Structure formats: structure tokens, C-alpha cells
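S.K.: The structure's right below; bear with me while I get my questions together.
Bear in mind that the values in this text are calculations on the coordinates, not laboratory data. Quick caveat, the model's predicted, so the values are computed rather than measured. Glycine also receives a Cβ, built like all others from the backbone with ideal geometry; neighbour counts cover every protein chain displayed.
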Amino acid sequence: MTKPRLSFWQIWNLSFGFLGVQIGYSLQNGNTSRILSALGADVHELSYFWLAAPFAGLLVQPIVGLSSDKTWTRIGRRVPFILGGAFASALAMFFMPNSEFFAYLLPPVIFGATMLLFMDTAFNVTMQPFRALVGDMVNDEQRNIGYSIQSFLINVGAVIGSLLPFALTWAGVSNTPSPGEKVADSVIWAFYFGGGTLLISVLWTAFTTKEFPPAEYEKYNNVTAEEKEKTSFIQIVKTIPATMYELGIVQFFSWFSLFLMWVYTTSGIASNVWGTTDSLSAEFNEAGNWTGVIFAVYSVFAALYSLALPKLAKMLGRKTVYSLSLLAGGIGLFSIVFVGTKYGLFFSMIGVGMAWAAILAMPYAILSAALPASKMGVYMGLFNATITIPQIAAGFLGSMILMSMGSDPVWMLGVAGVSMALAAAGVFFVKDTHDIRE
């Protein structure tokens with residue numbers, strides 16, 4: 001039996017909580033290097049601190065996916081995990097920018113790294129069920145629309161989160177640390193706002209979304225008695241669809257690229273555009289704010305582009321759109337190496353935005369169509385390894401690559417561009433089992 005067709009607002013509510021999650025995630029991406037540098041981390045060590053996040057995702061998401069597949073409560077199967085992760089991540093957001101005030105417990109940079117680990121673990125607990133929730137509730141015909149709306153909300157959240165420190169500075173909040181302190185008030189208050197918004201938006205999804213009860217879910221997803229039998233985790237791994245492995249190659253180069261961009265953009269443009277490497281200087285903090293601005297710019301392009309993705313996928317096929325979008329991202333990232341003005345960086349972000357929108361929608365639309373409904377959560381959780389493993393690799397290799405490039409962090413963005421172009425090439429080896437044009 002086919003799943004019922006959902007209204008636009010039903011699909012919207014399914015993913016609305018992702019708006020707040022992405023505000024928090026964007027604040028983390030745009031400001032973690034800035035915070036850790038202010039707390040005393042060396043630029044050559046930054047990629048190691050960032051390893052906390054992908055390690056957390058690698059361990060947490062398969063567990064959450066498997067658990068949510070087997071869970072049913074009065075508020076659903078995915079929603080309890082979404083809520084729990086949201087409350088934990090908001091708490092970490094309140095603590096991380098205040099790490100220096102917990103020096104009596106741990107050195108500030110270690111406390112900050114610990115909060116990063118806690119925050120990202122909680123983000124992963126929240127995000128994985130959101131991916132599976134769309135797969136659970138949306139029928140095949142609306143699958144591209146479902147993940148495109150999710151991509152749109154993610155990018156609107158990214159715009160807000162990325163711009164928060166810049167907007168607060170414009171409103172008069174100090175963008176340099178107070179005497180004797182390390183982290184600027186603009187960053188601290190941005191994290192407070194982000195944590196609060198995260199909680200409100202996730203509660204919206206929880207109260208407006210009614211998941212299918214078990215019997216109804218099994219009927220709509222054609223779950224057979226054989227699929228309902230208990231399966232060991234080893235058996236699940238052995239039966240991973242080939243599509244997941246094929247997408248994994250694309251994901252590796254995509255997320256290797258994104259990790260380098262998140263870690264080195266502030267340092268790279270501070271060096272290339274502002275001519276400074278002093279993490280406590282006004283110029284470095286201005287570069288930190290501008291990183292938020294250009295991340296917001298690529299998120300605006302991504303939000304607009306995500307609205308066009310369903311039509312483009314229907315016209316050209318998901319694979320073609322996916323590949324061309326990643327190639328545009330590679331060109332955009334590589335161009336940053338040659339941009340010497342802060343406004344010139346806006347043009348580089350056009351391609352990055354196209355790639356980001358496609359990364360958030362296309363692999364999930366392709367993959368969810370190839371997965372058995374009864375194991376949607378665990379397979380989506382395992383698929384997260386294609387996000388975390390490349391970030392772990394980039395974290396370990398980042399310092400060595402940076403030193404081999406002459407220690408100028410802007411060249412790491414060139415490496416990111418090459419990696420994204422390799423991802424674009426890898427798309428042609430993916431088999432899309434449910435191409436919408438067919």
C-alpha cells in the first residue's frame with residue numbers, strides 16, 4: 001500500500017526542527033576554530049581538536065538509528081531521540097564559549113574541546129532521526145521534495161547561525177574579548193541565541209508531527225514478516241545495499257573538502273585578506289565574523305538552489321544535477337586561494353552553496369529509495385560513517401598537508417576544491433535505482 005500524499009505544511013513540519021539544529025551547527029562550524037584559537041590552540045593543532053565531532057558521529061548515529069528503528073513510544077519512534085539530542089546540544093552551546101570560566105576544572109582549551117565533543121554528539125543524536133523521519137513518512141513521489149525542503153530549512157538555519165556574530169557586532173555587542181577574557185561577547189551571545197532557537201524549533205516538530213503507528217507504518221512501507229525478524233548488527237552490515245558503498249566514495253571526497261573548509265576558512269582569509277595570524281587581534285576577529293558572513297552567503301545560495309533541485313532532478317536526473325553541483329563547489333573553493341578582497345569571496349560562495357544544497361539532499365534521496373523501510377534508521381545511521389570517516393581522515397592529515405603547503409592556511413581551501421571535484425567525478429559510478437525520470 002502506498003503512503004498517503006502529505007501536504008506541503010506536513011512535510012515542512014517534519015523537518016522544521018532542523019532549522020534550529022542547523023543554526024547551532026553553523027555557529028559551531030563558523031566559530032569553533034575562532035574559540036579554540038582564542039583559548040590557546042595553535043593553527044597546526046586545530047584539525048586535531050575538530051576530530052571530536054566526526055568520532056562522535058561515527059559511534060552515535062548507527063546506535064541511534066538501530067535504536068529508533070526498534071522504538072515506539074506515545075510520541076513516536078524518532079521524536080524521542082530528536083528531543084533528547086536537542087536538549088543536550090543546547091546545554092553544550094551555553095557552556096562552550098564560556099570555557100575559560102571553568103579553568104578550575106580543566107584547562108580552557110581542553111574544556112572547550114570537551115564541550116565540542118558533547119555538542120556534536122548531541123547534534124548527531126538529533127540529526128540522524130530527522131533524516132529517517134522523512135524516509136518514514138514521505139512517499140516515493142514526494143521524496144525529492146521532502147529532502148529538498150529539509151535542505152532549504154537547513155540552509156535558512158545556516159544563514160541565521162552564520163550571521164549571528166556579525167549581526168550582534170553591528171547591533172553594538174563587543175566583537176573583541178573584554179580585558180582579561182578570551183572570547184568576544186558577540187560569539188557568546190550568538191551561542192545563547194542559537195541554543196534557545198534550537199529548542200523551540202525542535203519542539204515545533206515534536207508537537208506538529210504524528211508518526212505512523214507500528215501497524216500503519218508496516219502497512220505503508222510493505223514490511224514483510226521476514227523483515228520484522230530480529231537481525232544481528234553483523235548481518236545488517238553484510239546486507240548493506242551497493243548504492244550505499246557507491247555513494248560512500250562521493251561522500252568521502254565531499255566531506256573531506258567540507259571539513260577542510262570549516263577548519264581553515266577563518267585562518268585562511270585572515271592571512272590572505274587581512275594579513276594577520278594573531279588570533280586575539282581585531283583583524284583576526286573581523287575575519288572570524290566575515291567567515292560567518294560568507295558562510296551565510298553560501299547558505300543563501302544553497303537555500304535558493306535547493307528549491308530548484310526537484311525540478312532539475314526531474315529534468316536531468318539526480319546524478320547529473322548532483323555531479324554538476326559538486327563540480328561548481330570545487331571551483332568555488334579553489335578560487336578562494338586567488339581572492340584578495342573580502343567582497344570577492346562572495347563569488348566563490350556561489351559554487352559552494354550549490355554543492356552544499358546537493359550534498360544535503362541528493363545522496364539521501366538516492367539512498368532512501370534503495371533501503372528497506374524496516375531498517376531505514378540503522379542504514380541511515382551507518383551511512384553517517386561516509387560523513388564522519390572522511391572528516392577523521394582530514395583531521396589527521398590536515399596538519400601534515402598544511403605544513404607541506406608552506407603553512408599558509410589559505411592553500412588548504414585549494415586542497416578542499418580539488419577534493420570536491422573528485423567527488424563530482426565519483427557520482428558517475430553511483431547507480432540510482434529509482435531515477436525519477438524512469
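S.K.: For the charge dipole of the chain, defined by +1 on Lys and Arg C-beta atoms and -1 on Asp and Glu C-beta atoms about the Cα centroid, which residue among L164, L367, G381 has the Cα displaced farthest towards the positive pole?
M.R.: Final value for the positive-end residue is L367.
S.K.: Given springs between every Cα pair under 10 Å in a Gaussian network model of the chain, which of A171, A92, A41 has the largest fluctuation?
M.R.: Greatest mean-square fluctuation among the candidates belongs to A171.
S.K.: Moving to a separate point now. Could you work out the Kirkwood radius for segment 108-182, taking every pair of different alpha carbons, averaging 1/r and inverting it, reported in Å?
M.R.: Computed over Cα pairs of segment 108-182, the Kirkwood hydrodynamic radius comes out at 15.8 Å.
S.K.: A further question on this structure: Under a 10 Å cutoff between Cα atoms, tell me which one of P241, P179, P129 has the largest fluctuation in the Gaussian network model of the chain.
M.R.: Per the Cα network of the chain with a 10 Å cutoff, P179 tops the list.
S.K.: Once you keep just the Cα pairs under 8 angstrom separated by 6 or more residues, what percentage relative contact order results for segment 144-296?
M.R.: It rounds to 34 percent for segment 144-296.
S.K.: Listing F101, F301 from the residue with the fewest other Cβ atoms within 10 Å to the one with the most, what is the order?
M.R.: Going from least to most buried by this count: F101, F301.
S.K.: Right, here's the next one. Between the helical axis of 410-426 and the dominant principal axis of the chain, each derived from Cα atoms, what acute angle in degrees is found, rounded to the nearest 10?
M.R.: Helix 410-426 and the main axis of the chain meet at about 20 degrees.
S.K.: Sorting M380, M405, M137, M412 on the 10 Å Cβ count, fewest up front, what's the list?
M.R.: M405, M137, M412, M380
S.K.: If a/c stays under 1.5 just call it rounded; otherwise compare a/b with b/c (prolate if a/b is bigger, oblate if not). Do that for segment 291-341, with a ≥ b ≥ c from the square roots of the Cα gyration tensor eigenvalues.
M.R.: oblate
S.K.: Now a separate question. Relative contact order for segment 8-429: what percent, with Cα pairs under 8 Å and sequence separation of 6 or more?
M.R.: Answer for segment 8-429 is 28 percent.
S.K.: If contacts are Cα pairs under 8 angstrom and at least 6 residues apart, what is the relative contact order of segment 31-135 in percent?
M.R.: In percent, rounded to a whole number, it is 39.
S.K.: Mind telling me which of G157, G76, G406 comes out most flexible in a GNM of the chain, alpha-carbon contacts under 10 Å?
M.R.: For the chain, modelled as a Gaussian network with Cα springs under 10 Å, the answer is G406.
S.K.: Ordered by residue, what ³J(HN,Hα) values in Hz, to whole numbers, does segment 334-339 give under the Karplus form 6.51 cos²θ - 1.76 cosθ + 1.60, where θ = phi - 60° and Gly and Pro are x?
M.R.: Values per residue, Gly and Pro as x: 5, 5, 4, 4, 9, 9 Hz.
S.K.: Of (i) 67, 28, 20; (ii) 35, 24, 19; (iii) 57, 23, 19, which one was derived for semi-axes √(5λ) of the Cα gyration tensor in Å from the structure shown?
M.R.: Only one listed value fits the structure, namely (ii).
S.K.: Report, in whole Å, the centroid distance computed from the Cα atoms of segment 315-362 and segment 61-95.
M.R.: For segment 315-362 versus segment 61-95, the Cα centre distance is 32 Å.
S.K.: Could you put V263, V79, V337 in order, starting from the residue whose Cβ has the fewest other Cβ atoms within 10 Å?
M.R.: Listing V263, V79, V337 from fewest to most nearby Cβ atoms yields V337, V79, V263.
S.K.: How large is the dipole of segment 8-429 about the Cα centre if only Lys and Arg carry +1 and Asp and Glu carry -1, each at its Cβ, rounded to the nearest 20 debye?
M.R.: Dipole magnitude for segment 8-429 comes out near 960 debye.
S.K.: Another question, if that's okay. Quantify how much of the Cα-Cα distance distribution of segment 1-136 extends past 21 Å, in percent.
M.R.: Looking at segment 1-136, the distances longer than 21 Å represent 47 percent of pairs.
S.K.: Quick check: from the Cα gyration tensor, does segment 291-402 come out rounded (a/c under 1.5), prolate or oblate?
M.R.: The shape class here is oblate.
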